[in-house]
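All of the numbers you see were taken from the coordinates with simple rules; none came from a lab. Just so it is clear, the structure is predicted and the values come from calculations on it, not from any experiment. Glycine also receives a Cβ, built like all others from the backbone with ideal geometry; neighbour counts cover every protein chain displayed.
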Amino acid sequence: MPAAVFVIGDVHGCLAQMRDLEARIVENASAIQGEKLLVYIGDLIDRGPNSAGVLDHLLLPAPKGFERLVICGNHELMFLDFLDAPSLSSPWLNFGGRETLLSYGIEISDSKRLHRLQLQIETLVPHEHREFLEKLPVALELPSHFIVHAGINPARPLSNQHIEDMTGIRHAFLNHSGGFEKCVVHGHTPVDEVLISADRIAIDTGAYGTGRLSAVRLVENTSPQVLSSDAAAVAM
């Protein structure tokens, strides 16, 4: 367990909020000695205005004194599937994919030909972005917490979870009335305010719609602490 772990919710292409929140985390952690870890919980891309910029930022070195770990979400998987087989009828385009492509300078129109789209993807989407996404882990296990994009299947032990559940589960996880092996920290399903209970911590506060990106700080023997970007400051 690092001295402090900061888990950041679904960014969804909101680069300004991500930079603002990272700066707040660095300030918050300034008095903490020892290893500090930034964990992004997935859904880095889609819906918001600057998915390409978000990936560029995450390819840079982490802030001084921090290591950075990025977890894979369902939107990263959809993007990778699209890059493997581009299609003008891909469902991903209506789940934020159009905004992601536009951040690379690729505009989808009804008249666009598939061959032209493929050429633009090859030219405008950096290989480093695709390689980065292909290598993302799907979970991080700490002594007391299990950090994952969407949640877990309550019917399975943590050691035997499926990628489909960890990146996309909702009701079976959210409606589970029993406990879990560890407290599950997750995003994927937006909440009005960060939800903290003994069994799970939900941190997706819908940044692309609300302008507020949130994070939770985990420190041993200390209650979780919530940090959020300043929506008003980012909008100015």
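Rounded to the nearest whole angstrom, the semi-axes of the ellipsoid equivalent to the range 4-235, taken from the Cα gyration tensor as √(5λ), stand at 30, 21, 15, largest first. With point charges of +1 on the Cβ of Lys and Arg and -1 on the Cβ of Asp and Glu, referenced to the Cα centre of the chain, which listed residue (HIS115, GLN225, VAL148) lies farthest in the positive direction of the dipole? Positive-end residue among those listed: GLN225.
Our analysis of the range 94-150 gives Rg over Rh at 1.17, with the two radii drawn from alpha carbon positions and Rh computed by the Kirkwood formula. A helix-only calculation puts the chain at -9000 deg cm²/dmol for mean residue ellipticity at 222 nm, using -39500 (n - 2.57) for each DSSP H run of at least four residues, averaged over all residues.
Note on THR210 and LYS135: the extension gain reaches 24.0 nm, defined as 0.36 nm multiplied by sequence separation minus the Cα-Cα distance. Here the range 161-208 is assigned +1 on the Cβ of each Lys and Arg and -1 on the Cβ of each Asp and Glu. Its dipole about the Cα centre then comes out at about 60 debye.
Put simply, when 71-81, 4-14 are sorted by average Cβ atoms within 10 angstrom per residue, most first, you get 4-14, 71-81. Of all DSSP-defined beta bridges confined to the chain, some 45% are antiparallel rather than parallel. State the answer as a single residue: which of LEU15, PRO61, ILE41 lies farthest towards the positive end of the charge dipole of the range 1-87, with beta carbon charges of +1 for Lys and Arg and -1 for Asp and Glu, about the Cα centre. Checking the options against the dipole of the range 1-87, the answer is PRO61. Rounded to the nearest 20 debye, the dipole magnitude of the range 138-236 is 40 debye, with +1 charges on Lys and Arg beta carbons, -1 on Asp and Glu beta carbons, and the Cα centre as origin. Note on ILE121 and MET1: their simple-model spin labels are 4.4 nm apart, each label 7 Å out from Cα toward Cβ. Working from label points 7 Å from Cα in the Cα-to-Cβ sense, the LEU69 to GLU107 distance is 4.2 nm. When only alpha carbons are used to place a centre, the range 70-108 and the range 170-236 end up 25 Å from one another.
For the range 4-235, a simple Cβ point-charge model (Lys and Arg +1, Asp and Glu -1, everything else neutral) yields a dipole of about 120 debye relative to the Cα centre.
Once the chain from VAL226 to SER197 is taken as fully extended at 0.36 nm per residue, the excess over their C-alpha distance is 9.2 nm. The long axis of helix 74-84 is offset from the longest Cα principal axis of the chain by roughly 30 degrees.
Stokes-Einstein diffusion coefficient for the range 105-236 at 37 °C in a medium of 0.692 mPa s, Rh from the Kirkwood formula over Cα pairs: what value in µm²/s? It diffuses with D of about 188 µm²/s by this estimate. Dipole of the range 4-235 computed with +1 at Lys/Arg Cβ and -1 at Asp/Glu Cβ about the Cα centre; of LEU77, HIS186, VAL125, farthest Cα towards the positive end is VAL125.
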